[in-house]
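This report concerns only the one structure given below.
The values are calculated or read from the model by the stated rules, or taken from the named source; none is laboratory data. Remember, predicted model here, so these are calculated numbers, not experimental data. Cβ placement follows ideal geometry from the backbone for every residue including glycine, while neighbour counts extend to all protein chains displayed. Just so you know, the surface numbers come from the protein's heavy atoms only, side chains and all, with ligands and any DNA or RNA stripped out. Shrake-Rupley method; radii C 1.70, N 1.55, O 1.52, S 1.80 Å.
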Amino acid sequence: MTTSTHPLFAEALAELGLDLTVRSFPEGTRTAADAAAAIGCELSQIVKSLVFAADGVPVLVLMDGASRVDVEAVRRELGAGKVTRADAALVRETTGYAIGGVPPFGHRTRTRVLADRSLLAHEEIWAAAGTPTTVFPMAPDALIAYAGATLADVREQAGKQADTPADAQASEG
């Protein structure tokens with residue numbers, strides 16, 4: 001483990017008895033594309049840890065870096081009335097980390113976690129280690145277990161009709 005690990009994440013690793021190889025990339029790994037380029041892996045091997053609010057309650061969604069979250073599928077999975085993307089303040093308050101560095105576990109507050117099944121497509125996936133410049137590799141099933149996640153199908157499907165023309169353009173990118 002490197003010394004550049006976020007203190008909250010380092011504490012979580014110690015509590016879990018994990019000795020991970022945390023890699024640091026000074027140029028940053030803030031986006032999934034940045035991380036994949038820095039690591040030299042497929043975009044779908046990057047884990048995005050995204051915070052949403054389901055009826056005002058934070059929930060973490062773990063998604064592969066090549067896909068987008070289907071908010072309606074998250075709403076159905078949780079039985080929520082409304083699901084929205086959390087703002088930066090809620091992300092930091094809930095997890096203890098800034099957007100771009102949120103790891104899949106080791107958060108300030110215990111929240112419900114959904115992991116998209118697409119993460120299981122690889123032998124190894126990479127996730128943020130608490131900062132926008134640090135990442136770690138792990139087997140998907142282990143990462144999902146440490147995150148306490150429930151497997152779900154919450155990935156936006158190709159050909160899904162978007163709610164608005166702007167959404168349709170964004171989902172094609």
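The lone criterion from (1) surrounded by fewer than 20 Cβ atoms within 10 Å (Cβ to Cβ); (2) modelled with pLDDT of 95 or more left unmet by residue 166 is number (2). Against the test of being open to solvent by 60 Å² or more (accessible area, probe 1.4 Å) and either in contact with a Cys (Cβ under 6 Å, 6 or more places away or on another chain) or touching a residue at least 40 places away in the same chain (Cβ under 8 Å) (or both), the options 72, 11 yield a single qualifying residue, 11.
Being within 21 Å of residue 131 (Cβ to Cβ) and touching a residue at least 24 places away in the same chain (Cβ under 8 Å) holds for only one residue in 78, 90, 114, and it is 90. Under the condition of being open to solvent by 10 Å² or more (accessible area, probe 1.4 Å) and either on the phi > 0 side of the Ramachandran plot or in a loop (DSSP other than H, G, I, E, B) (or both), the residues counted in region 87-99 number 3. Of all the listed residues (116, 141), the sole one being farther than 17 Å from residue 102 by Cα and at pLDDT 95 or above is 141. Looking across region 100-132, the residues that are under 10 Å from the mean Cα position of the chain (by Cα), under 20 Å from residue 43 (Cα atoms) and not in a strand (DSSP E or B) come down to 100, 101, 102, 103, 104. Remark: pairs (first residue in region 132-143, more than 13 Å from residue 48 (Cα to Cα); second residue assigned to a helix (DSSP H, G or I) and open to solvent by 30 Å² or more (accessible area, probe 1.4 Å); Cβ separation under 8 Å; 6+ apart in sequence or on different chains) = 138/146; 141/120.
Among the residues of region 133-160, those that are open to solvent by 80 Å² or more (accessible area, probe 1.4 Å) and either touching a Phe, Trp or Tyr at 6+ places or on another chain (Cβ under 6 Å) or assigned to a helix (DSSP H, G or I) (or both) comprise 141, 146.
Taking (1) polar (S, T, N, Q); (2) within 20 Å of residue 145 (Cα to Cα); (3) open to solvent by 60 Å² or more (accessible area, probe 1.4 Å) in turn, residue 118 satisfies each apart from (3). Within region 32-53, being over 30 Å from residue 82 (Cα atoms), small (Gly, Ala, Ser) and open to solvent by less than 30 Å² (accessible area, probe 1.4 Å) holds for 35, 36, 38. Taking first residues from region 45-69 that are over 21 Å from residue 35 (Cβ atoms) and partners that are assigned to a strand (DSSP E or B), the Cβ contacts under 6 Å between residues at least 6 apart in sequence or on separate chains come to 53/84; 54/83; 58/51; 59/52; 59/112. Going through (1) surrounded by 21 or more Cβ atoms within 10 Å (Cβ to Cβ); (2) at pLDDT 95 or above one by one, residue 29 falls short only on (2).
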